[in-house]
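The values are calculated or read from the model by the stated rules, or taken from the named source; none is laboratory data. What you are looking at is a predicted structure, and each value in this text was computed from that prediction instead of being measured. Note that we place each Cβ from the backbone using ideal geometry, even for glycine, and neighbour counts take in every protein chain shown.
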Amino acid sequence: MKEYQTIIDEYSLEGYDMYSKTISRSEWGNLEIGEEYLRKYWLSNDDYEKKWKAIWKNVFINQSSGLPELVFSEKFNIVAVEGGRLFVEEDFLKLQDCIRTIGDDYFLIIENDFNGALKDPMFRMKFPSDISWKELNSGNFVSSTMLESIHKEFFVFGESGLWGKYSANDYSYPLDIIGFRPEYKELFMDKFKLADDEWSNIQNHLPVIYKETIIRP
């Protein structure tokens, strides 16, 4: 059985389309499109174990808990922006500019399974850093579930291990926590600037431990 077969079997079903703003109910569940997308972008377990697992663990801590625990080690500066889904186009393009500047050829998306507590099939994807927003969204039920679900939480990072993003969509107040090594502070701070009211709102909802370490973008 293909490693991603459970993704196809589960998320192609009716009901998962409820959060989608990109795929209509009548279009949902196109198996041919979904499987082709996974064939291109699924991160195999072998590739993950040989290369990416070590990078993931070097970037993130508390990989099986998420918020309100810290998700980045003290080696990283961190900022927070409002979340609710893995990506919207504007924020994806901002992050993509940062990835290109750093020079990573690929970025990974790994779903947090909360140490096995998550019973749904888990996403583990690998994308080229120059992928277009349209192509990222081209997987029918697969890409829609990954990008638009308000209940899934994800780790995003590249092969350099110099940056990462934790998408805490299912937290009481959805947040994106973005971490980066200090030498890239100016780059990320410039891309993810916040208006005063946005920053005030985020501060009011940050876990206590983050209020001691977060910097304003």
Cross-chain or 6+ apart pairs with Cβ under 7 Å, region 8-30 first and β-branched (Val, Ile, Thr), then part of a loop (DSSP other than H, G, I, E, B): Thr22/Asn137; Ile23/Asn140
Per the list (1) closer than 27 Å to Ile215 by Cβ; (2) of a type in the set (Ser, Thr, Tyr); (3) within 13 Å of the chain's Cα centre (by Cα), residue check on Ser172 breaks on (3)
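Considering only region 164-188, how many residues are under 24 Å from Leu147 (Cα atoms), surrounded by 15 or more Cβ atoms within 10 Å (Cβ to Cβ) and out of contact with any Asp or Glu (no Cβ under 8 Å at 6 or more places or on another chain)? Quick ask: steps written out before the conclusion?
Step one: of region 164-188, the residues under 24 Å from Leu147 (Cα atoms) are 164-180, 188.
Retained after the next criterion (residues that are surrounded by 15 or more Cβ atoms within 10 Å (Cβ to Cβ)): 164-171, 173-180, 188.
Add one more test, that the residue is out of contact with any Asp or Glu (no Cβ under 8 Å at 6 or more places or on another chain), and what stays is 164, 173, 177-180, 188.
So the count comes out to 7.
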Just a yes or no: is a residue in region 144-157 more than 15 Å from Leu86 (Cα to Cα) and either surrounded by fewer than 18 Cβ atoms within 10 Å (Cβ to Cβ) or at pLDDT 95 or above (or both)? no
Please find, within region 189-217, the residue that is surrounded by the fewest Cβ atoms within 10 Å (Cβ to Cβ) out of those that are of a type in the set (Lys, Arg) and closer than 20 Å to Glu74 by Cβ. Lys211
